[in-house]
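J.: So that we are looking at the same thing, I have put the structure below in structure tokens.
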Amino acid sequence: MTRNMAASLIEHERVVTTLQKAKTVKPFVEKLVTLSKDPAQHNRRRAFAKIRNKEAVQKLFDVLGPRFQERPGGYCRILKLSKPRLGDNGQRAILEFVERTPAEEQGEEAAAE
């Protein structure tokens, strides 16, 4: 579950999930982003061994690593949602990266209007 959620977060940069899953995945992803700051082959192999998704590892090292190069930590945030999940009344949350790509921010603004 952690691998799949981490790969989805890296690919989409934002995931809606339960609060407990978000709290579990956040440290896992933050360690991967710290690993991706140094684009050495050894670090790529270590990241691939953890998430087992070639596209996610490529985006991690090509996009996210350079984006968070100057940031010392705290790459993800958890935003709690007010409405619980329908099936089991579980508390929902949004797990997202602190800094987003400009294309995604413009897409959200257009959707909000």
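The values are calculated or read from the model by the stated rules, or taken from the named source; none is laboratory data. Values in this document were obtained by computation on a predicted structure and should not be read as measured data. Cβ atoms come from the backbone with ideal geometry, glycine included; neighbour counts cover every protein chain shown.
J.: Being under 17 Å from Tyr75 (Cβ atoms) and either of a type in the set (Lys, Arg) or in contact with a Gly (Cβ under 9 Å, 6 or more places away or on another chain) (or both) is the filter here, so list the residues in region 20-42 that pass it.
T.: Result: Lys23, Lys26, Glu30, Lys31, Val33, Thr34, Leu35, Ser36, Lys37, Asp38, Pro39.
J.: Name the residue that is surrounded by the most Cβ atoms within 10 Å (Cβ to Cβ), counting only residues in region 3-19 that are β-branched (Val, Ile, Thr) and farther than 19 Å from Gly73 by Cβ.
T.: My answer is Thr17.
J.: Ala103 fails exactly one of the following numbered conditions: (1) part of a loop (DSSP other than H, G, I, E, B); (2) modelled with pLDDT under 95. What is the number of that condition?
T.: Condition not satisfied by Ala103: (1).
J.: Working only within region 33-84, note down all residues that are surrounded by 12 or more Cβ atoms within 10 Å (Cβ to Cβ) and among the hydroxyl-bearing types (Ser, Thr, Tyr).
T.: Answer for region 33-84, where residues must be surrounded by 12 or more Cβ atoms within 10 Å (Cβ to Cβ) and among the hydroxyl-bearing types (Ser, Thr, Tyr): Thr34, Ser36, Tyr75.
J.: If Leu86 satisfies every condition in (1) in a loop (DSSP other than H, G, I, E, B); (2) among the hydrophobic types (A, V, I, L, M, F, W, C); (3) within 13 Å of the chain's Cα centre (by Cα) but one, which is the exception?
T.: Only one criterion is unmet by Leu86, namely (3).
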